[in-house]
1. Only one of E166, E195, E182 is among the acidic types (D, E) and either under 24 Å from G209 (Cα atoms) or assigned by TED's automatic domain parsing to the domain that holds A37 (or both). Can you tell me which?
2. Can you confirm whether H67 is modelled with pLDDT under 95 and either within 26 Å of V12 (Cα to Cα) or surrounded by fewer than 18 Cβ atoms within 10 Å (Cβ to Cβ) (or both)?
3. Any idea how many residues of the range 13-39 are in contact with a Leu (Cβ under 9 Å, 6 or more places away or on another chain) and assigned to a loop (DSSP other than H, G, I, E, B)?
4. Spot the failing condition for R63; the list is (1) in a loop (DSSP other than H, G, I, E, B); (2) in contact with a strand residue (DSSP E or B) (Cβ under 7 Å, 6 or more places away or on another chain); (3) of a type in the set (K, R), and only one is missed.
5. Condition test on G18, is it touching a Gly at 6+ places or on another chain (Cβ under 6 Å), surrounded by fewer than 23 Cβ atoms within 10 Å (Cβ to Cβ) and assigned by TED's automatic domain parsing to the domain that holds I84?
6. With the requirement that a residue be in a helix (DSSP H, G or I) and crowded, with 23+ Cβ neighbours inside 10 Å, what does the range 131-162 give you?
7. Does A79 count as crowded, with 18+ Cβ neighbours inside 10 Å, of a type in the set (G, A, S) and not in a loop (DSSP other than H, G, I, E, B)?
8. May I ask you to verify whether L101 is of a type in the set (A, V, I, L, M, F, W, C), part of a loop (DSSP other than H, G, I, E, B) and assigned by TED's automatic domain parsing to the domain that holds G155?
Amino acid sequence: MPDPSQAAPCNVVVLLSGAGGNLQALIDSTRAAGGPARISAVISNRADAYGLQRAEAAGISTRVLEHSAFEGREAFDAALIEHIDSFAPDLVVLAGFMRILSAGFVSHYHGRLLNIHPSLLPRYKGLHTHQRVLEAGDSEHGCSVHFVTEELDGGPLVVQAVIAVESHDSPTSLAQRVHAQEHIIYPLAVSWFAEGRLCLGDSGALLDGQPLPATGYLFTPRS
């Protein structure tokens with residue numbers, strides 16, 4: 001395996017639509033001494049996304065591409081690809097990017113497109129996951145990092161963090177505790193990719209050359 005300290009940093013482009021909490025976690029992680037990844041740009045489909053301010057404060061290039069200016073998803077995604085590719089990324093990271101991506105976009109970045117989702121996939125794909133967990137009476141909840149495929153929230157899992165659902169939990173309290181875990185496992189997955197340890201194989205995600213289980217690597221939060 002190549003020595004990460006001797007290799008050029010993995011060039012990362014982050015896409016977001018909102019506050020950028022996961023972006024901040026990634027910025028903090030990549031700024032650590034000797035970090036294997038470098039965020040070269042943050043692109044948003046919303047000009048008012050607070051994540052853009054986080055990026056600018058960190059000296060990271062930003063771009064805004066309003067989806068409402070395009071006729072259809074494919075036209076927007078084609079323009080988005082041009083913006084992303086101008087930064088020559090090794091990895092594209094979705095950090096709260098509230099757009100369903102076209103098949104062409106996903107294919108273009110096959111094997112180098114990661115997403116994080118606030119549930120223990122394959123349970124609760126889509127929105128309102130915290131409320132749905134409570135309504136179902138589940139005892140566990142969490143978050144998942146996965147490679148992106150054409151199936152919404154359905155790509156091969158990389159890592160999951162599990163938390164217990166407490167009797168007093170609300171959607172807000174669950175969201176807060178899940179977000180705390182997102183800020184740990186997303187930088188972890190990006191670091192694995194940047195170090196050359198994580199990749200997408202023909203039959204799923206591989207870590208250190210070994211197939212990950214269907215549930216991904218299980219990260220156990222500290223109590």
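1. Numbers: E166 fails: either under 24 Å from G209 (Cα atoms) or assigned by TED's automatic domain parsing to the domain that holds A37 (or both); E182 fails: either under 24 Å from G209 (Cα atoms) or assigned by TED's automatic domain parsing to the domain that holds A37 (or both).
Testing whether each residue is among the acidic types (D, E) and either under 24 Å from G209 (Cα atoms) or assigned by TED's automatic domain parsing to the domain that holds A37 (or both) leaves just E195.
2. Numbers: modelled with pLDDT under 95: yes; either within 26 Å of V12 (Cα to Cα) or surrounded by fewer than 18 Cβ atoms within 10 Å (Cβ to Cβ) (or both): yes.
It is true that H67 is modelled with pLDDT under 95 and either within 26 Å of V12 (Cα to Cα) or surrounded by fewer than 18 Cβ atoms within 10 Å (Cβ to Cβ) (or both).
3. From the range 13-39, those in contact with a Leu (Cβ under 9 Å, 6 or more places away or on another chain) are 13-16, 20, 22-23, 29, 37, 39; that's our starting set.
The next check asks that each one be assigned to a loop (DSSP other than H, G, I, E, B); those that pass are 20.
Selection size over the range 13-39: 1.
4. For R63, the exception is condition (1).
5. Values: touching a Gly at 6+ places or on another chain (Cβ under 6 Å): yes; surrounded by fewer than 23 Cβ atoms within 10 Å (Cβ to Cβ): yes; assigned by TED's automatic domain parsing to the domain that holds I84: yes.
So G18 passes the test.
6. We begin by selecting, within the range 131-162, every residue in a helix (DSSP H, G or I); these are 131-136.
The one that is in a helix (DSSP H, G or I) and crowded, with 23+ Cβ neighbours inside 10 Å: V133.
7. Details: crowded, with 18+ Cβ neighbours inside 10 Å: no; of a type in the set (G, A, S): yes; not in a loop (DSSP other than H, G, I, E, B): yes.
It is false that A79 is crowded, with 18+ Cβ neighbours inside 10 Å, of a type in the set (G, A, S) and not in a loop (DSSP other than H, G, I, E, B).
8. On the way: of a type in the set (A, V, I, L, M, F, W, C): yes; part of a loop (DSSP other than H, G, I, E, B): yes; assigned by TED's automatic domain parsing to the domain that holds G155: no.
It is false that L101 is of a type in the set (A, V, I, L, M, F, W, C), part of a loop (DSSP other than H, G, I, E, B) and assigned by TED's automatic domain parsing to the domain that holds G155.
The values are calculated or read from the model by the stated rules, or taken from the named source; none is laboratory data. Here the structure is a predicted model, which is why all the values come from computation and not from measurement. Cβ coordinates were reconstructed from backbone atoms using ideal geometry, including for glycine residues, and neighbour counts include every protein chain displayed.
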